[in-house]
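I have placed the structure first, in the form of structure tokens, so that the comments after it can refer back to it.
The values are calculated or read from the model by the stated rules, or taken from the named source; none is laboratory data. Quick caveat, the model's predicted, so the values are computed rather than measured. Cβ coordinates were reconstructed from backbone atoms using ideal geometry, including for glycine residues, and neighbour counts include every protein chain displayed. Heads up: the accessible areas ignore ligands, DNA and RNA and are worked out on the full protein's heavy atoms, side chains in. Shrake-Rupley method; radii C 1.70, N 1.55, O 1.52, S 1.80 Å.
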Amino acid sequence: MTLTIIKQHLNLDNNLDDNLLTSYATSAEHAISSYTHTDYDATNPSHEQAKLLIIGSWYETRENEIIGDTVKEMPLSVKFLLDMQMEVVI
């Protein structure tokens, strides 16, 4: 996945956070591998979509805590994508 795709997903049109986004991308791949107990697969659409969702979440919420807001996991999000993929592997 290119940095251009990530920036399109985030609606970014500058280079100010390129290093941060690259770091998030690498960490997201490790998180997906750890969650699924498989190697990250860049040809797997579920892995790629989960990666974008993870990067977007980390980019928008850069702190460990959220104060004063109600937080709810979106249906059909990262967990859904990766759990569905794990069922196929098993």
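Numerical summary
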| read-out | value |
| --- | --- |
| Subset of the range 44-59 that is open to solvent by 60 Å² or more (accessible area, probe 1.4 Å) and more than 11 Å from A25 (Cα to Cα) - its residue that is modelled with the lowest pLDDT | S57 |
| Those residues of the range 1-38 which are more than 14 Å from W58 (Cβ to Cβ), β-branched (V, I, T) and modelled with pLDDT of 95 or more, in sequence order | T2, T4, I5 |
| Evaluation of D41 against (1) open to solvent by 50 Å² or more (accessible area, probe 1.4 Å); (2) in a helix (DSSP H, G or I); (3) under 21 Å from L82 (Cα atoms); (4) at pLDDT 95 or above (one fails), failing number | (2) |
| Enumeration of residues in the range 44-66 that are outside any helix (DSSP H, G or I) and closer than 18 Å to F80 by Cβ | N44 |
| Filter result for Y24 (open to solvent by less than 50 Å² (accessible area, probe 1.4 Å), in a helix (DSSP H, G or I) and among the hydroxyl-bearing types (S, T, Y)) | yes |
